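The values are calculated or read from the model by the stated rules, or taken from the named source; none is laboratory data. What you see is a predicted model; the values in this text were computed from it and never measured. When we count neighbours, we look across all protein chains shown, and the Cβ atoms used for this are built from the backbone with ideal geometry, even at glycine. Note: areas computed on protein heavy atoms with side chains; ligands, DNA, RNA excluded. Shrake-Rupley method; radii C 1.70, N 1.55, O 1.52, S 1.80 Å.
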Amino acid sequence: MTKPKVADLLHEPGCGHNHKKGDNKACSQQAKPGAAQGGCAFDGASITLVPITDAAHLVHGPTACAGNSWGSRGSLSSGATTYQLGLTTDVKENDIIFGGEKKLYSAIAQVINRYHPPAVFVYATCVTSLIGDDLEAVCRAATEQFQTPTIPVQAPGFTGTKNLGNRLAGEALFEYVVGTQEPEYTTPYDINLIGEYNVAGELWGVLPLLEKVGIRVLSKITGDATFREICYAHRAKLNVMICSKALINLGRKMEETYGIPYIEESFYGVADMNRCLRHIAEKLGDEELKARVETLIATETAKLDTALAPYRKRLQGKRIVLYTGGVKSWSIISAAQDLGMKVVATSTKKSTEEDKAKIKELLGEDGIMLSKGNAKELLKVIENTNADMLVAGGRNQYTALKARIPFLDVNQERHNPYAGYRGLIEMAKEFDHVLHSPIWEQVREPAPWSLVTSH
């Protein structure tokens with residue numbers, strides 16, 4: 001991966017960050033020493049590509065590079081399970097001295113002969129990039145020899161942040177996968193979902209809704225995807241971006257090359273789900289489809305109101321501090337408001353300019369936008385806003401315990417799907433369960449030893 005290529009991705013013209021004049025470094029900023037990194041480029045590329053369920057994912061590097069990231073996200077599969085294998089070349093000291101290319105070629109051969117995957121994604125790491133292993137040459141030779149697409153993913157950790165890794169993965173898909181096969185047939189209602197990773201099975205709450213109105217998801221990029229379906233993604237009529245433009249470069253290049261327009265949407269909360277369905281129908285430009293979407297929204301909304309009624313009573317007016325990234329920094333606000341809750345502060349550290357505009361509109365004038373964050377800052381915000389609950393990633397659960405308030409994990413480690421209408425009911429149940437757990441009364445009581453009087 002050359003420096004100009006990385007610079008192009010950091011200044012991706014499709015990203016709103018790069019439309020702002022002046023000193024705006026949101027896309028290109030690097031972590032400062034001592035600050036939380038939140039994942040490296042290798043991590044970001046893995047997050048994006050590993051959900052391709054029938055492909056093999058081979059990490060060319062020390063075992064720890066594969067081990068530290070393996071199984072960290074709950075992307076589920078409805079079929080193949082090859083993606084769950086933890087495969088690595090296990091680079092040792094001798095490989096660093098003499099080079100690891102032969103070992104890599106041998107590992108690719110072993111993976112193909114043993115598991116027969118439709119494709120192998122080979123991930124560069126810091127070590128193998130620093131010693132100069134030619135990943136592309138080895139993958140090219142393996143593709144020719146074994147007649148199995150072997151795709152180099154040039155996203156070593158030192159290249160940059162997790163978000164940059166997402167885009168580097170998008171480059172690999174665009175360069176080596178998209179457009180290499182043809183679907184059996186196409187329809188006027190074919191769309192791709194980009195940036196939806198089927199965490200906790202969220203996709204399975206959305207696909208039936210799309211199918212009900214006659215919209216076909218041609219390719220899922222990449223949650224619960226097969227390699228083949230991504231190969232023919234270039235035949236879709238619309239790209240729907242889900243994860244806050246993590247793969248904006250892929251969407252833009254598919255628009256320029258194949259003429260596929262893209263839109264950014266969210267599946268969280270009734271308002272956003274309704275908006276998403278309407279926008280897709282509008283973009284596909286079919287009046288009968290629009291009518292079917294309105295019928296579906298009316299039916300699902302009525303059912304949802306009945307199901308959510310008891311939870312709304314118990315959650316009404318509860319105050320939340322939200323500390324997460326990407327699309328969730330604003331989409332969870334919308335979902336919480338659907339339940340009658342109030343988000344008093346949210347993070348904007350990883351948000352695009354469009355994200356921030358949406359957050360500002362949803363929070364109102366009194367809402368707090370946290371551009372920086374650490375445990376100390378979060379505790380201060382929780383105290384100042386009199387928050388009832390912290391909603392964040394797993395690493396912040398101890399911050400909530402220190403503040404003696406309930407905590408809900410909404411990041412990739414969670415086990416419950418929150419997308420779609422069904423997901424909002426699940427989210428309401430989780431909020432209710434966590435907020436009204438009897439444990440919090442005990443946690444807030446003085447410690448027994450603090451009540452002992454001295455004699």
Breaking point among (1) closer than 18 Å to Pro208 by Cβ; (2) touching a residue at least 60 places away in the same chain (Cβ under 8 Å); (3) open to solvent by 40 Å² or more (accessible area, probe 1.4 Å), for Leu304: (3)
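Go through region 285-295 and report how many residues are surrounded by fewer than 18 Cβ atoms within 10 Å (Cβ to Cβ) and in a helix (DSSP H, G or I).
Residues in region 285-295 being surrounded by fewer than 18 Cβ atoms within 10 Å (Cβ to Cβ) and in a helix (DSSP H, G or I): 7 in total.
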Can you find even one residue in region 347-355 that is in contact with a strand residue (DSSP E or B) (Cβ under 7 Å, 6 or more places away or on another chain) and of a type in the set (S, T, N, Q)? yes
Which numbered condition in (1) under 17 Å from Cys126 (Cα atoms); (2) touching a strand residue (DSSP E or B) at 6+ places or on another chain (Cβ under 8 Å) is the only one that Tyr83 fails? (1)
Inspect all residues belonging to region 161-173 and state whether any of them is open to solvent by less than 10 Å² (accessible area, probe 1.4 Å) and in a loop (DSSP other than H, G, I, E, B). no
Which one of these does Ala141 not meet: (1) out of contact with any Phe, Trp or Tyr (no Cβ under 8 Å at 6 or more places or on another chain); (2) part of a helix (DSSP H, G or I); (3) free of Cβ contacts under 8 Å to residues at least 60 places away in the same chain? (1)
Selection from region 174-197 of residues buried (at least 21 other Cβ atoms within 10 Å of the Cβ) and out of contact with any strand residue (DSSP E or B) (no Cβ under 8 Å at 6 or more places or on another chain) yields Val178
In region 27-59, what residues are at pLDDT below 90, in a loop (DSSP other than H, G, I, E, B) and within 18 Å of the chain's Cα centre (by Cα)? Cys27, Gln37, Gly38, Gly39
Among residues of region 201-219, those that are surrounded by fewer than 23 Cβ atoms within 10 Å (Cβ to Cβ) and either under 12 Å from the mean Cα position of the chain (by Cα) or basic (Lys, Arg) (or both), counted: 2
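Please pick out the residue among Tyr262, Tyr268 that is open to solvent by 30 Å² or more (accessible area, probe 1.4 Å) and closer than 30 Å to Leu164 by Cβ. Please lay out each step first, then the result.
On the way: Tyr268 fails: open to solvent by 30 Å² or more (accessible area, probe 1.4 Å).
Result of the check over Tyr262, Tyr268: Tyr262.
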Taking region 307-361 and keeping residues of a type in the set (D, E, K, R), touching a residue at least 40 places away in the same chain (Cβ under 8 Å) and in a loop (DSSP other than H, G, I, E, B) leaves Lys318, Lys350
Flag for Ser77 being surrounded by 17 or more Cβ atoms within 10 Å (Cβ to Cβ), in contact with a Phe, Trp or Tyr (Cβ under 9 Å, 6 or more places away or on another chain) and not in a helix (DSSP H, G or I): yes
Complete set of residues in region 151-170 that are over 22 Å from Ile194 (Cα atoms) and β-branched (Val, Ile, Thr): Thr159
Under 6 Å between Cβ atoms, which residue pairs at least 6 apart in sequence (or on different chains) link something in region 396-415 that is open to solvent by 30 Å² or more (accessible area, probe 1.4 Å) with a partner that is among the basic types (Lys, Arg)? Arg404/Arg444; Gln412/Arg73
If Lys372 satisfies all but one of (1) loosely packed, with under 12 Cβ neighbours inside 10 Å; (2) touching a residue at least 24 places away in the same chain (Cβ under 8 Å); (3) basic (Lys, Arg), what's the number of the condition it fails? (2)
Among the residues of region 424-437, is there at least one that is open to solvent by less than 20 Å² (accessible area, probe 1.4 Å), part of a loop (DSSP other than H, G, I, E, B) and within 25 Å of Lys349 (Cα to Cα)? no
